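Before any comments, here is the structure.
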Amino acid sequence: FFVGTLELPKDRAPWWVVVLLILVAYALSVYVRMAWIEMAMGEDRESMRWEGNPTPNTHDSFYFAAILQKAHLGMHQENDLVPSFVQNGMITMFSYGLLKVFPSLTIEQLLLWFPVYASGLICVPVVLIGRLYGSAVWGFLAACIAGIAHSYFNRTLAGYYDTDVFSISAAAFALMFLLCALRRRSLNYALLGALGCFIYPLFYNRIGIPIALGLAFVGFQLFQAF
């Protein structure tokens, strides 16, 4: 009934333009999250700071911080409620690696800045999906919305150190590979999509298995389309 009402513009943008669009969308995501840090560092916001740094704004941040303290600083060794850094997946495994690679990086700095830079990764697959379907510009516009969408933004604020920074972006990468497999009839992309579904619970272990099974079902339908 609505055929022809909205025609998506097609483009054949070179890769350097696509990369530029990804960087702009990512920069927008980072810039918007910086607003919370500026607010927390205001003169009348002393209650939002501890030892000069904005405090984490979710209880999960303190839980994961204790895990990093145990692994990196040797604290909480007698506390059985603080598990190993590998038990909660990539949120603590990757962060522990960053602390080892960058000795000057503190856990307090990591809790504040990690969500700012990690949450913007959602822009990468969204722009690439747009290019896959013929319009990197529309993918760019979608990425600008996805990076700062209300619910996602609230759960990926600066200092909101939680697995939510991976919940959408990791699934979006897996979906992108599955869509590439469908559009290009590529077994290699199908295998990448299957790998993405398999490792997704490592990034988001709370409800990662149901989401991964849903993505796997999509992949199964794509295999039937080959």
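The values are calculated or read from the model by the stated rules, or taken from the named source; none is laboratory data. Given the structure is predicted, the values throughout are model-derived calculations rather than measurements. Because the Cβ atoms are built from the backbone with ideal geometry, glycine has one as well, and the counts that use them run over all protein chains shown. The protein model used for the area step is the full one, side chains on, heavy atoms only, and it has no ligands, DNA or RNA in it. Shrake-Rupley method; radii C 1.70, N 1.55, O 1.52, S 1.80 Å.
Apply 1/(1 + (r/R0)^6) to the Cβ-Cβ distance of residue 23 and residue 102, taking R0 = 22 Å, and write down the FRET efficiency to the nearest 0.05.
For R0 = 22 Å, the calculated efficiency reads 0.45.
How large is the accessible surface per residue of the chain, computed with a 1.4 Å probe and reported in Å² as a whole number?
With the other protein chains kept in place, the chain gives 57 Å² per residue.
So what J values fall out for the range 29-41 if you push phi through Karplus, 6.51 cos²θ - 1.76 cosθ + 1.60 with θ = phi - 60°, rounded to Hz, Gly and Pro as x?
Those phi angles translate into 4, 5, 4, 5, 6, 5, 4, 5, 5, 4, 5, 5, 8 Hz.
If each residue of separation counts as 0.36 nm, what is the full-extension length gain between residue 79 and residue 32 once their alpha-carbon separation is subtracted?
13.1 nm
Looking at the chain, I'd like the Rg to Rh ratio, where Rg is from alpha-carbon atoms and Rh is Kirkwood's inverse mean 1/r.
With Rg and the Kirkwood Rh in hand, the quotient comes to 1.03.
Using a 10 angstrom cutoff on alpha carbons, build the Gaussian network for the chain and name the most mobile of 64, 166, 198.
198
Bin all alpha-carbon pair distances of the range 104-201 at 5 Å intervals from 0 and give each bin's fraction as a whole percent.
3, 14, 19, 20, 17, 14, 8, 4, 1, 0
Taking θ as phi - 60°, what are the ³J(HN,Hα) couplings along the range 90-104 by the Karplus curve (6.51, -1.76, 1.60), each to the nearest whole Hz, with x for Gly and Pro?
5, 4, 9, 5, 5, 5, 4, x, 4, 5, 6, 6, 10, x, 6
Give the carbon-plus-sulfur fraction of the accessible surface of the chain in %, rounded to a whole number; probe 1.4 Å, heavy atoms of protein chains only.
Ligands and nucleic acids excluded, carbon and sulfur reach 68 percent.
Can you work out D for the range 29-128 in µm² s⁻¹ from Stokes-Einstein, where Rh is the Kirkwood radius over C-alpha pairs, the temperature is 20 °C and the viscosity is 1.002 mPa s?
My calculation gives 143 µm²/s for D.
For the residue pair residue 145 and residue 50, what label-to-label distance in nm results when each label sits 7 Å from Cα along the Cα-to-beta-carbon direction?
Computed distance between label sites residue 145 and residue 50 equals 3.8 nm.
Take every Cα pair under 8 Å in the range 37-186 that's 6+ residues apart, average their separations, divide by the length, and report that relative contact order as a whole percent.
Rounded, it is 24 percent for the range 37-186.
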